[in-house]
Amino acid sequence: MSDVAAVVVDIDDTLLNSRGRASSRTVEALRACAAKGIGVYVATARTERMVFRDGEIEDGAFLKRRGVYVSGAVARDEDLGVVFEWPLPVDVSSVVARRMVEIDPDMQVILQRHRDFHAFKKPLDEKRLRLWGIGPEDLIPFDEALSRVCSRVVGIEGRVPLSRVNDELMRESPGALGSLVARAGWMQVTAPEATKAAALSALLAKRDIDAARVAAFGDDTTDIGMLSLVGYSFAMGNARDEVKAAARHVTASNDDDGIAVALGDVLGLL
């Protein structure tokens, strides 16, 4: 058996399979780790309210206690009452949001401050708001959000390719932005110091957990820093090639219970 003290899992395309659900085998494997006193964390691009959507997981409350959210802009350990934030300054988030709209008027632009508020340039109905884990009571006017500190600015692809929007923003604000262009037609901009690795390090330090005793699982480029930080790094079988190259191990895919396979067969925790 390994000396693992904590397990960290990305959510989309890692914990969740291609059907958008966490398998019972994977959930029970993580629950078994938690029962042994091993800390279980999520590390995701989602806000805390989007962990989890309806139908994604059964009996997953134990996975909501500790985590890295918004790709590292927020970190929380509920049991310790600890919260860390790496927000975008107002003068940066407002310029980014306005430039997104100028570059592509058809783009949906969203300003978020983790649990505090959400603002959409284009209105959404209640059904779509629920996908963001919020209701109408959580909204503030877009123009008002432009004057507030935000965790991130999100853009949903319109007519202009996101890669072009990203390139223009990065060219205009070199070094001031941490940007991600995701595979599912959206992008986000966070503070450059907001990374999964930095946020995870802050949480681990609060519990005196050595990163060398941590197992982490991921599939996308935002996971590379986190995988490089820990002692036991696993790329999912469905991960991008550069993620596989960065990890010490490649486990089975998210459709083949890769997390459970690694926890049992490689780490001997089950």
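Laboratory data are not the source of any read-out in this text; all were calculated from the coordinates shown. Note that the structure is a prediction, hence the values are computed from the model and not measured. Positions of Cβ are backbone-derived with ideal geometry, glycine not excepted, and every protein chain shown enters the neighbour counts.
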Review point. Along the three principal axes, how long is segment 187-270 when you take its alpha carbons, biggest first, rounded to the nearest angstrom?
Key: 36, 33, 18
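What does the convex hull of the alpha-carbon atoms of the chain project to on average, in nm²?
Values: hull surface 53.7 nm².
Mean orientational projected area (the chain, Cα hull): 13.4 nm².
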Exercise for review: Choose one of P136, V70, A235: the residue whose Cα lies farthest towards the positive end of the charge dipole of the chain (beta-carbon charges +1 Lys, Arg; -1 Asp, Glu; about the Cα centre).
Suggested key: P136
Review point. What percent do you get for the relative contact order of the chain when only Cα pairs under 8 Å and 6+ apart count?
Key: 21 percent
Practice item. Arrange the following residues from fewest to most other Cβ atoms within 10 Å of their Cβ: I11, I156. Key: I156, I11
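What size of dipole, in debye to the nearest 20, comes out for the chain about its Cα centre when the only charges are +1 on Lys and Arg C-beta atoms and -1 on Asp and Glu C-beta atoms? Let's see the in-between values first.
On the way: 34 positive and 41 negative charges, 33 e Å.
My answer is approximately 160 debye.
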Study note, to complete from the structure: Log entry: pair-distance distribution for segment 90-190, C-alpha pairs binned every 5 Å from zero, whole % per bin is 2, 13, 27, 26, 20, 10, 2, 0
**Study point:** Lys pairs under 24 Å by Cα in the chain, provided they are eight or more residues apart or on distinct chains
**Key:** 7
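Could you calculate the contour length gain from R248 to D91, that is, 0.36 nm times the residue separation minus the distance between their Cα atoms, to one decimal place in nm? Please list the in-between numbers first.
Details: separation 157, 0.36 × 157 = 56.52 nm, distance 4.00 nm.
Here the answer is 52.5 nm.
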**Study point:** Residues in segment 57-82 reached by a label modelled at S173 [backbone nitrogen below 18 Å; 7 Å Cα→Cβ]
**Key:** 70-74
Practice item. Just name one of V82, A5, V214: the one whose Cα is farthest towards the positive end of the charge dipole of the chain (beta-carbon charges, Lys/Arg +1, Asp/Glu -1). Key: V82
Check your understanding: So for the pair V160, S228, with labels modelled 7 Å out along Cα→Cβ, what separation do we get in nm?
Key -> 3.0 nm
Exercise for review: Identify the GluC sites (Glu not before Pro) of segment 120-210 meeting these criteria: DSSP loop state and at most 16 other C-beta atoms within 10 Å of the C-beta.
Suggested key: E193
Check your understanding: If you put +1 on each Lys and Arg Cβ and -1 on each Asp and Glu Cβ, how big is the dipole of segment 90-190 around its Cα centre, in Debye rounded to 20?
Key -> 260 debye
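Can you tell me the relative contact order of segment 49-167? Whole percent, Cα pairs under 8 Å, sequence separation 6 or more.
Working: 164 pairs, mean separation 35.8, N = 119.
Value for segment 49-167: 30 percent.
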